[in-house]
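The values are calculated or read from the model by the stated rules, or taken from the named source; none is laboratory data. Small disclaimer: the values here were computed from a predicted structure and weren't measured. When the accessible area is computed, the model is the full protein with side chains, heavy atoms only, and any ligands, DNA or RNA have been set aside. Shrake-Rupley method; radii C 1.70, N 1.55, O 1.52, S 1.80 Å.
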Amino acid sequence: MKRCVTAIGVFFLVTLVVISCREHPSPASEKRPLPPSATAGHAAGLNNGAGCDSILAVVEALEDRVRADPRDGNAAQALVKAAFDSASGCFITAGKGTFNRSHPQAAKEAGRTMAAQYDAKRWALYLKTRSLGRGIMFGENIAGEITYSSTFCSRNAGDTLVLLVKVPLGSVIVN
């Protein structure tokens with residue numbers, strides 16, 4: 001029982017820290033214009049909750065394509081292009097998380113949400129690294145941090161939670 005309470009407390013603490021973070025501009029050496037994207041101009045729709053399903057479908061399909069064949073440079077470039085919203089200056093990523101059946105019932109949802117957020121942020125690090133011209137393949141180690149992100153919509157598919165997350169370009173710090 002103490003583990004469950006501790007896990008939930010840690011989750012809320014992490015959530016508060018993430019929410020209170022402000023966007024940090026990226027160093028001038030990292031600034032590089034990104035191409036117009038498939039999600040460009042949809043920032044207003046995301047803020048209003050409209051268009052989430054279609055954007056989620058596009059981004060999720062491209063992420064699945066890159067995950068299936070990390071060596072496919074064309075798929076990676078298509079994902080970078082589609083996942084960057086030039087109107088808001090943000091990466092739009094989809095993160096997936098599933099229940100851990102060994103956790104107590106009260107902690108299952110929190111764990112699934114944290115896993116989906118972690119996955120979405122990992123994609124943002126990957127996209128920023130690719131947009132900087134580094135030929136990293138998905139699945140390779142990437143060092144960095146996300147200082148701010150926000151979740152716009154979610155979808156449940158069985159035990160899997162899929163989150164659509166917006167991460168400002170300056171909030172993705174790649175080491």
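On the protein heavy atoms, probe 1.4 angstrom, tell me the percent of accessible surface of region 46-113 carried by carbon and sulfur.
Values: 1590 of 3230 Å².
Ligands and nucleic acids excluded, carbon and sulfur give 49 percent.
Under 5 Å between amide hydrogens, built in the peptide plane, is the criterion, and for CYS90 it picks out ASP85, LEU169 among residues at least 5 positions away or on other chains.
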